[in-house]
1. GNM, the chain, Cα, under 10 Å: largest mean-square fluctuation among Tyr46, Tyr76, Tyr33?
2. Among the listed pairs Lys72/Lys119; Lys72/Lys95; Lys39/Lys95, give every one whose C-alpha distance is greater than 23 Å.
3. For the chain, which DSSP H helices look membrane-span-like by this rule: Cα extent along the axis of 24 Å or more and mean Kyte-Doolittle of at least -0.5?
4. Using 1/(1 + (r/R0)^6) with R0 = 41 angstrom and r between the beta carbons of Ile100 and Lys5, what's the FRET efficiency to the nearest 0.05?
5. Averaging sequence separations of C-alpha pairs under 8 Å and six or more residues apart, then dividing by the length of the chain, give the relative contact order as a whole percent.
6. Highest GNM mean-square fluctuation, the chain, Cα pairs closer than 10 Å: which of Lys39, Lys70, Lys55?
7. In a GNM of the chain with a 10 Å cut-off on Cα contacts, which of Gly42, Gly58, Gly107 has the highest mean-square fluctuation?
8. For the range 2-123, what is the charge dipole size about the Cα centre, in debye to the nearest 20, if Lys and Arg each add +1 at the Cβ and Asp and Glu each add -1 at the Cβ?
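Each reported figure results from applying straightforward, stated rules to the coordinates on display, with no laboratory input. These figures come from a predicted structure and were not determined experimentally. As a convention, Cβ positions derive from the backbone with ideal geometry for all residues, glycine included, and neighbour counts pool all protein chains shown.
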Amino acid sequence: MKKQKIIFWTATIIIFLWEGLMPLGTLLFAPEYANAGTKPLGYPDYFAYSLIICKVLGSTALIIPRLNPKLKEWAYAGLTFNLVFAVISHIVVDKNIGFILMPIVVGIILAVSYFYNQKIQRNV
């Protein structure tokens with residue numbers, strides 16, 4: 001059980017830092033770069049800001065220990081949709097393998113977090 005919790009928290013903290021803290025930091029401290037990832041893909045500026053808000057809320061939901069499990073499921077689903085559509089957008093628009101692989105790697109880490117969250121919940 002201890003090993004499962006370590007794996008869960010390691011993966012979840014990585015997701016929180018990558019999907020929550022980093023975009024929020026960009027928005028607060030370097031707002032001119034807030035849409036640097038979405039603008040080249042053809043998305044409007046307001047999409048970047050709403051995406052940042054959703055990422056921060058979703059990744060924060062994952063690190064709150066006693067949050068309603070249904071809300072955590074929604075957070076995992078939302079973050080997963082975000083990553084899937086990021087991969088699709090990069091495949092269709094810029095075909096840059098680095099930009100395509102990054103959300104896949106983050107998605108794998110998110111899947112590890114989800115899988116171990118489920119294991120821990122079953123053992124409680």
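1. Looking only at Tyr46, Tyr76, Tyr33, the biggest GNM fluctuation is shown by Tyr46.
2. Among Lys72/Lys119; Lys72/Lys95; Lys39/Lys95, the Cα-Cα distance tops 23 Å for Lys72/Lys95.
3. Span-like helices, by this rule, are 45-63, 69-92, 97-123.
4. My answer for the efficiency is 0.80.
5. The normalised contact order for the chain reaches 35 percent.
6. Among Lys39, Lys70, Lys55, the largest mean-square fluctuation in the Gaussian network model of the chain belongs to Lys70.
7. Gly42
8. 760
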